[in-house]
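Below is one structure, written out as structure tokens, with a few remarks after it.
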């Protein structure tokens, strides 16, 4: 129970601080006010995330011994993020704040690049570390649910009608924008996947700019989109076969959207 609660707390904090909170603050205040506030909040959050994942790792080791490697890996990634990646990202963020850069900052642009060109590299390192934390915690949650033990059960549990989780209801414009991004990625892949990917970034920004979904369904939507940011960044920052691989991964992940979401009527 305690371990599951800690995992849920850690994962929800990632979603809240890096997506929901940042988008909300950015929409409510100008760039020069938003960046210092977000930087301080991220500094505190990163230390808290490292502490929470360490507690998850302790609980997982007590539960399953060396089989707790996903939680241990998540802890290592969280500590690296808090002690190495985020301090450097914040230092670059301070430089961006002092720079003359004053272009409007979009929600999608901040999630991808941070405060601007000066922060882009370290912001993406932070996102990569955070993705490793999320992956480790997700695997630990799967183990907690008994995902690795079903092969040893004598009598299988029969499924029932209410078991499957209902699809989240998303505003129709956002559904169409996500389908549009999927079509653009599929078109890019059909043309070789290594060409111009600027239409993918435009489609990504459109999703965030026009989204009107709120509440728990909004949280689930952002939970689906956060991992895709790293895939899109990989497509933008690579060339040739590496870009083709990233575009193919983006098409594959976007293809899972309809399984968990539907247009609100």
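Okay, here's what the table says:
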item: Test: residue in segment 197-219 that is more than 26 Å from residue 27 (Cα to Cα) and out of contact with any strand residue (DSSP E or B) (no Cβ under 7 Å at 6 or more places or on another chain); result: yes
item: Meets criteria (under 19 Å from the mean Cα position of the chain (by Cα) and surrounded by fewer than 18 Cβ atoms within 10 Å (Cβ to Cβ)) for residue 214; result: yes
item: One residue from 68, 77, 96 being assigned to a helix (DSSP H, G or I) and either touching a strand residue (DSSP E or B) at 6+ places or on another chain (Cβ under 6 Å) or modelled with pLDDT of 80 or more (or both); result: 77
item: Every pair of residues 6+ apart whose Cβ atoms lie under 7 Å, when the first sits in segment 183-205 and is under 14 Å from residue 228 (Cα atoms) while the second is assigned to a loop (DSSP other than H, G, I, E, B); result: 205/106
item: Residue match in segment 163-177 (condition: in contact with a strand residue (DSSP E or B) (Cβ under 7 Å, 6 or more places away or on another chain), surrounded by fewer than 17 Cβ atoms within 10 Å (Cβ to Cβ), assigned to a loop (DSSP other than H, G, I, E, B) and modelled with pLDDT of 85 or more); result: yes
item: Residue 33, sole failed condition from (1) in contact with a helix residue (DSSP H, G or I) (Cβ under 8 Å, 6 or more places away or on another chain); (2) farther than 18 Å from residue 129 by Cα; result: (1)
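The values are calculated or read from the model by the stated rules, or taken from the named source; none is laboratory data. Bear in mind that the values here come from a model prediction, so they are computed numbers and not experimental data. FYI the Cβ positions are ideal-geometry reconstructions off the backbone, even for glycines, and counts take in every protein chain you see.
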